[in-house]
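A.B. asks: One structure, as structure tokens, below. Some questions next.
The values are calculated or read from the model by the stated rules, or taken from the named source; none is laboratory data. Predicted, not measured: the structure shown is a model, and the values here were computed from it. In this analysis, Cβ positions are derived from the backbone assuming ideal geometry, glycine residues included, and neighbour counts consider all displayed protein chains. What goes into the accessible areas is simple: the full protein's heavy atoms, side chains included, and nothing from ligands, DNA or RNA. Shrake-Rupley method; radii C 1.70, N 1.55, O 1.52, S 1.80 Å.
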Amino acid sequence: MKRGSVSAIINLVEPWEALEPLTTNRPVGMLPFGGRYRLLDFPLSSVINAGIQNVMVTSPRSGRSVSDHLRSGRDWNLDTIRGGLFMYPYNDLKLVAPEKRATLIHHYYDNSILFLKRSHSEYSVIMSTRNVGNIDLKALLRYHEERDNPVTTVYKRVDPQVLAPQNTVLQLTDKGMATAVIQKAQAKVPKTATTVAKNMDIYLMSTVDLIEILQEANRRGDLIGLEELMKQAVIQHNANAFEYTGFQANIHDLSSYFAANMAILDEAKFRALFYSSRQIYTKVKNEVPTFFAEGSQFRASLCGTGGYIEGQVAHSVIFRNVLINRGSQIKDSVIMQGTRIGAGTKVENAIVDKNVVIGPNLILKGTPTEPLVIGKGQHIFRQTEVVASV
Amino acid sequence: MNEDMLGIILAGGQGTRLGKLTKGTAKPAVPFGGRYRIIDFTLSNCANSGVKTVGVITQYQPLELNAHIGNGSSWGLDGLNAGVTVLQPYSSTEGEKFFAGTAHAIYQNIEYIDQQNPKYLLVLSGDHIYKMDYDAMLDYHKAKKASLTVGVIPVTKQEAQRFGMMNTDETDRIIEFEEKPEHPKSDKASMGIYIFNWPTLRKYLVNSYATDKSMEDFGKNVIPAYLAHNESVYAYAFKGYWRDVGTIQSLWQANMEFLSPHNRLNIGDNSWRIYSKAQVLPPMFLTETSQVNNSMIVDSCYVAGEVDHSILSQRVSVGMGSRVVDSMVMPGATIGKNVVIDHALIGEEAIIGDDAVVKGTATDIAVVGYDEVVGVEKP
């Protein structure tokens, strides 16, 4: 692909309420995933692996965690002399005062338009972060170029049972064109259907067309966000629908986030996501090797570096720098970076956020559909504090 | 922090005593401790000490070392007014530029050093495992108004026979230097760490190479010359963990010590991090059948077998039914099923076929070389 021919917008403005407390202070895209990544790393890696060098990241709030993670973009090879990484925070209109909101009417999309104009790219791709995958965007571009419709969307065939009512699906024609993006609850899925076209929230079109869509939204005074505009574009133009066949996990609430982490403990899925020809990049850290002490047991699990494991871990995702003390038992859980688990403590079906300290001899237990969640930075030393911490 | 001191790392040693492991790679580039290479310790010490400009002098097999060091960004040595330069011999109009010894290597790179114009020259070797604040040593050097300060470490009488020994007076001024003495008079062994006042050293080197060309080696020639000319030469005592990893036995031993949670090196200390070239790799995956005890494992390892008191570097896989004991496995090595690895160093990208046995003893470590294939029938 010619340098600079495609630019990318990764949109971190996504529904986050169902993922609280994990998303209280971070956008969905900054959720830790898979032992050492953030959700944002997956679309960003897809973008990098396609040789795209003009990347804009829009975030709902201040974006502190986003800029802390991305910094200059060096870890993704985005600190180049041309193009590079552009950050665009404060896009969540719910957090904007009415008088400020008034000034945004007719200007809400200005930054995106400017970014796209300056990129001088022929095509643009828009991606969200709540669909974990490893997609070949070069193949998507080829698919788009071979067809006539101005927009190309992406879908993955999934079992309708796994979708939540608020998840969106593509309405496909017999010829494989998408005519609408609709919520599963509204979609007429036949009872006999074994698969449904899950929308991957990825859209490709010519940059000129995208600029036109954004300028039109500005003229109308729309403050509806990129996702809504893309859905409208699909309805308006009909769209090519590209089928993605790799690993995908949809993250829209706590149990789906939990399930996605558990899914990659399946060796075949783990390899499909991380060991394809397209690498997943993330911010690198100089962590020491993980130490597994005498008598520790660590089975069917992932682990980041910097850890110190003395207890028992089974079927869990353990992030960087985690301390698991002697006699503790971790099962079917997600333990994020910097967390310490006390001796003799049992953790099962739980999501423990970053830098949590859990005292000895406690029991933390959730269920696969309702995992127990411990918010970031909590210190828990009494059994009564376990539920109160959420 | 100081801008006056230029660091020079002598990373040229072929390291013949490491045998197979350094056939295609320079000793400082040999993997250590699961995710490091030997030179990371010296480079990180420079970065942490505020030595911002570092020249790395290479000679043998510089490819891997060059690839590892890159522009120095992994150690944060790529900022404004900072940088790592890999210096290699090149033929001059007068002919050969290969280095006859440590001091000769400095002399051959005099143009680079002059370009940096340092007040002090910090000379280091790239093949030791330790953490040391060179800035504190510089403070000592300045306080003593020294012309040369030599880092020393206490050794036993027996060990002294392998080192250059510094005999000092009560002010720590070095009054005598003995190379590998049979009957050592002190316990102060040279660590091969020197701080020179550059203009003085420059004068000695230039004079020597204009006349008798005697200044080949710091230990053999330069220190004796300094002492003979009554230069103020001081010993700076280092008290921390320090290991020379120049032999198979010592490399294995230092790796085993690294594995101990009680290792005085304290690798987990965040105030003095050891940096390395970072690779983006997936997390380690330990399967249902894995058994890991007293071991260190890093990114992208896959373990289905048993690992006991061993270190696995990046991208190592251990198949089901295999047992890795008291060993260090270098990056990318593949260990098949039902393999026994015991008291061994396994080289990078080596392949150990199913049912193979690689077994050494505590005094005779088994070594599998880089890219070596063991126990796999050729098709």
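A.B. asks: Taking the stretch A:277-294, which residues are of a type in the set (G, A, S) and either within 7 Å of chain B (Cβ to nearest Cβ) or not in a loop (DSSP other than H, G, I, E, B) (or both)?
C.D. replies: A:A293
A.B. asks: Hey, A:L223 hits all of (1) at pLDDT below 95; (2) under 22 Å from A:I10 (Cβ atoms); (3) among the aliphatic types (A, V, I, L, M); (4) assigned to a helix (DSSP H, G or I) but one; which does it fall short on?
C.D. replies: Unmet for A:L223, out of (1) at pLDDT below 95; (2) under 22 Å from A:I10 (Cβ atoms); (3) among the aliphatic types (A, V, I, L, M); (4) assigned to a helix (DSSP H, G or I): (4).
A.B. asks: Just give me the residues in the stretch B:342-370 being exposed (fewer than 14 other Cβ atoms within 10 Å of the Cβ) and assigned to a loop (DSSP other than H, G, I, E, B), in sequence order.
C.D. replies: B:D355, B:A362, B:T363
One line per residue, one yes/no per condition, for (1) open to solvent by less than 50 Å² (accessible area, probe 1.4 Å); (2) within 14 Å of another protein chain (Cβ to nearest Cβ); (3) over 30 Å from B:I175 (Cα atoms); (4) within 15 Å of the chain's Cα centre (by Cα):
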residue: B:F218; (1), (2), (3), (4): yes, no, no, no
residue: B:I223; (1), (2), (3), (4): yes, no, no, no
residue: B:A228; (1), (2), (3), (4): no, no, no, no
residue: B:Y236; (1), (2), (3), (4): yes, no, no, no
residue: B:S250; (1), (2), (3), (4): yes, no, yes, yes
residue: B:N263; (1), (2), (3), (4): yes, yes, yes, no
residue: B:N270; (1), (2), (3), (4): no, yes, yes, no
residue: B:S276; (1), (2), (3), (4): yes, yes, yes, yes
residue: B:Q279; (1), (2), (3), (4): no, yes, yes, no
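A.B. asks: Name the pairs whose Cβ atoms lie under 8 Å apart, with the first residue in the stretch A:103-119 and over 15 Å from A:G221 (Cβ atoms), the second assigned to a loop (DSSP other than H, G, I, E, B), and 6 or more positions between them or separate chains?
C.D. replies: A:S119/A:G4; A:S119/A:G83
A.B. asks: Could you please give the count of residues in the stretch A:78-102 that are without any contact (Cβ under 8 Å) to a residue 60 or more places away in the chain and part of a loop (DSSP other than H, G, I, E, B)?
C.D. replies: Selection size over the stretch A:78-102: 8.
A.B. asks: Answer with yes or no whether A:I358 is free of Cβ contacts under 8 Å to residues at least 24 places away in the same chain, within 14 Å of chain B (Cβ to nearest Cβ) and not basic (K, R).
C.D. replies: No: the conditions fail for A:I358.
A.B. asks: Here's another thing I want to ask about it. Among (1) touching a Leu at 6+ places or on another chain (Cβ under 8 Å); (2) at the interface with chain B (Cβ under 7 Å from one of its Cβ atoms); (3) open to solvent by 40 Å² or more (accessible area, probe 1.4 Å), where does A:L302 come up short?
C.D. replies: (3)
A.B. asks: Shifting gears a bit: Determine whether A:V234 is within 11 Å of chain B (Cβ to nearest Cβ), farther than 23 Å from A:K331 by Cβ and surrounded by 23 or more Cβ atoms within 10 Å (Cβ to Cβ).
C.D. replies: It is false that A:V234 is within 11 Å of chain B (Cβ to nearest Cβ), farther than 23 Å from A:K331 by Cβ and surrounded by 23 or more Cβ atoms within 10 Å (Cβ to Cβ).
A.B. asks: What are the residue pairs meeting all of these: first residue in the stretch B:290-308, first residue among the charged types (D, E, K, R), second residue open to solvent by 10 Å² or more (accessible area, probe 1.4 Å), Cβ atoms under 6 Å, and 6 or more apart or on different chains?
C.D. replies: B:D299/B:L281; B:D299/B:Q314; B:E306/B:Q291; B:E306/B:R323; B:D308/B:N293; B:D308/B:V325
A.B. asks: Moving on to the next point. Scan (1) under 23 Å from A:I48 (Cβ atoms); (2) among the small types (G, A, S); (3) touching a Phe, Trp or Tyr at 6+ places or on another chain (Cβ under 7 Å) for the single condition A:S121 breaks and write down its number.
C.D. replies: Failing condition for A:S121: (3).
A.B. asks: May I ask you to list the residues in the stretch B:289-308 that are crowded, with 24+ Cβ neighbours inside 10 Å, of a type in the set (V, I, T) and in a loop (DSSP other than H, G, I, E, B)?
C.D. replies: The one that is crowded, with 24+ Cβ neighbours inside 10 Å, of a type in the set (V, I, T) and in a loop (DSSP other than H, G, I, E, B): B:V298.
A.B. asks: For a quick check of your reading of the model, give me the residue pairs whose first member lies in the stretch A:261-276 and is closer than 18 Å to A:D41 by Cβ and in a helix (DSSP H, G or I), whose second is at pLDDT 95 or above and open to solvent by 70 Å² or more (accessible area, probe 1.4 Å), with beta-carbon atoms closer than 6 Å and at least 6 apart or on different chains.
C.D. replies: Filtered contacts from the stretch A:261-276: A:A263/A:K269.
A.B. asks: In the stretch B:54-69, what residues are open to solvent by 10 Å² or more (accessible area, probe 1.4 Å) and either in contact with a Ser or Thr (Cβ under 6 Å, 6 or more places away or on another chain) or closer than 25 Å to B:D269 by Cβ (or both)?
C.D. replies: B:Q61, B:E64, B:H68 - these are the residues of the stretch B:54-69 that are open to solvent by 10 Å² or more (accessible area, probe 1.4 Å) and either in contact with a Ser or Thr (Cβ under 6 Å, 6 or more places away or on another chain) or closer than 25 Å to B:D269 by Cβ (or both).
A.B. asks: Given the criteria open to solvent by less than 30 Å² (accessible area, probe 1.4 Å) and at pLDDT 90 or above, does A:Y155 qualify?
C.D. replies: Yes: the conditions hold for A:Y155.
A.B. asks: Now a separate question. Keeping to the stretch B:313-336, report how many residues are closer than 17 Å to B:E372 by Cα and either open to solvent by less than 20 Å² (accessible area, probe 1.4 Å) or part of a loop (DSSP other than H, G, I, E, B) (or both).
C.D. replies: Residues meeting the conditions: 13.
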